[in-house]
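The values are calculated or read from the model by the stated rules, or taken from the named source; none is laboratory data. The structure displayed is predicted, hence computed values, not measured ones. Glycine gets a Cβ as well: all are built from the backbone with ideal geometry, and neighbour counts include every protein chain shown.
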Amino acid sequence: MLTDDFLDFLFPRFCVICGKRLSTQEKHLCLSCYTHLPRTNYHLAEHSELEKNFWGWGKEMPIEKAVSFFMYNDANKEILIQLKYKRNPQIGTYMASQFAKEIKNDNSTFFDDIDIIVPIPLHWMRMIKRSYNQSYYVAKGISRETRIPICTKAVKRILNNKSQTLMQRNERQDNVKGIFRLVKPELLAGKHILIVDDVTTTGSTIMSCAKEIAKAQNTKVSILTLAMAGQTLIPSDDSDILPNVKITKEVLSKL
Ligand SMILES: [Zn+2]
């Protein structure tokens, strides 16, 4: 049987940030790049900056709590590029499970009252282009560590909105209006839902999804994203043209 050491010798793996060869124990990032990720530590704050960001959307949709793992910047953008555009969704699962572990190790109660995880749905056209929903892979990492189930059947993305990369906040709000539809409210009624996404800037996409979820009876909503973007532009969703995408039964079931 081949050992991990021997497999690493045959198929060397490299850190997605610095390019250094990874040791057998390291995954996706070397220990140094992982350690130096600019963590937000929002889960340690009473009200995180991300949470306050959502207050600007008004009282109609109160967000219980909101956390992000790290601040997105030029140095670490390759994590999200790999996740979204280079067909490496496992990096999202890995980073999310590491984040969940860190939250638990900090004795945070963040996950204690969450009932169900809803990854931000992808429109089917984008799903065909990419072949997977990156948010679902982030959700998988959280679920693996917390045992909280994932629900992909309750909310659908019904409009394939334009990329928001170069839009102002008010334009973004208009751009995401009505893009989601709650199709199975009974799956979410009475639950505290954790909406999960890979990255957020103004939170407009997440809020649009949260508003739709709130149509189910007696729900609470919290938010978790891998990254929080400040000034650094996120690569456009329109730029991902992935060749040879195979539509499988599994892909379609995630729509
Ligand atoms: Zn590195």
List the number of the failed condition for VAL16; all other conditions in (1) within 16 Å of the ligand (Cβ to nearest atom); (2) part of a helix (DSSP H, G or I) hold.
(2)
What are the residue pairs meeting all of these: first residue in the range 49-64, first residue over 10 Å from GLY203 (Cα atoms) and assigned by TED's automatic domain parsing to the domain that holds VAL196, second residue among the polar types (S, T, N, Q) and modelled with pLDDT of 85 or more, Cβ atoms under 8 Å, and 6 or more apart or on different chains?
GLU49/THR40; ILE63/SER222; GLU64/SER222
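Is it true that LEU7 is more than 16 Å from the ligand (Cβ to nearest atom), over 30 Å from LYS220 (Cα atoms) and among the aliphatic types (A, V, I, L, M)?
Taking the combined requirement at face value, the residue satisfies it.
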